[in-house]
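The values are calculated or read from the model by the stated rules, or taken from the named source; none is laboratory data. Keep in mind that this is a model prediction, so the values were computed, not measured. Cβ atoms come from the backbone with ideal geometry, glycine included; neighbour counts cover every protein chain shown. Surface areas here come from the heavy atoms of the whole protein model, side chains and all, with no ligands, DNA or RNA. Shrake-Rupley method; radii C 1.70, N 1.55, O 1.52, S 1.80 Å.
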Amino acid sequence: MFVTDPIGIKGEEEAASMLSKKGYKVIEHNWRLGHWEIDLIAENKKEIVFVEVKARTTMFGDIRPEEYVDENKKRRMITAGNAYMRYNRSTKSLRFDIIGIVVDPETMKVTYRSHLENAFQPTARVATRGSHSPSLVWNRRK
């Protein structure tokens, strides 16, 4: 979803800043293809990183923002990442990260940030004989 609320915007700005400080170049914000969407796409010399950003105004008990990424969202990210790699004909390795941010709604200051690198991984299989394309198809790890 395209982010329009101030908390979401602040969360994505903070996430992009975190990635930049780690040496990544953010190349896409809210990349979309059809109904698939990736919050941030960053790269370094050898990897493309697909990032889901979860921004909240508070932690709910002991549940951190990054814990709200469920299996359905992971599958959609993998599908979108695969589409991005094919569309851009990239040969770099890929990685899926989750960044959790908590923003104080009164001051708009970030009170919590967490970057889960390589938060989950797809498995790869080569398309079988007789399929339309011999390219890799990414599936979620079971």
Need one value: the accessible area of HIS115 in square angstrom, 1.4 angstrom probe, rounded to the nearest 10.
30
Estimated FRET transfer efficiency (ASP5, ASN72; beta-carbon r; R0 30 Å; 0.05)
0.85
What is the gain in length, in nm to one decimal, between PHE60 and TYR87 on full extension, counting 0.36 nm per residue of separation less the C-alpha to C-alpha distance?
5.9 nm
Sorted by accessible surface (1.4 Å probe, heavy atoms of the protein chains only), largest first, ASP5, ASP62, ASP39, ASP104 come out as ASP62, ASP5, ASP104, ASP39
Over the heavy atoms of THR111, what accessible area does a 1.4 Å probe trace out, to the nearest 10 Å²?
90
Using DSSP, restrict attention to beta bridges with both residues in region 1-102 and report what percent are antiparallel, rounded to the nearest 5.
55
Using Cα positions and a limit of under 23 Å, work out the lysines in reach of LYS109, with same-chain residues fewer than 8 apart set aside.
LYS10, LYS21, LYS22, LYS54
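Roughly to the nearest percent, how much of the accessible area of region 1-55 is carbon and sulfur, given a 1.4 Å probe? If you can, show how the numbers build up before the last one.
On the way: 1600 of 2910 Å².
For region 1-55, the apolar C and S fraction of the accessible surface comes to 55 percent.
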Positive end of the dipole of region 35-114, charges at C-beta (+1 Lys, Arg; -1 Asp, Glu), about the Cα centre: which of MET59, VAL103, SER90 has its Cα farthest in that direction?
SER90
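Fully extended, how many nm does the chain gain between HIS35 and GLU47 (0.36 nm per residue separation, minus their Cα-Cα distance)? Display every interim value, and only then the final one.
Details: separation 12, 0.36 × 12 = 4.32 nm, distance 2.44 nm.
Full extension from HIS35 to GLU47 adds 1.9 nm.
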With every protein chain present, what is the per residue accessible area of region 1-128 (1.4 Å probe, Å²)?
56
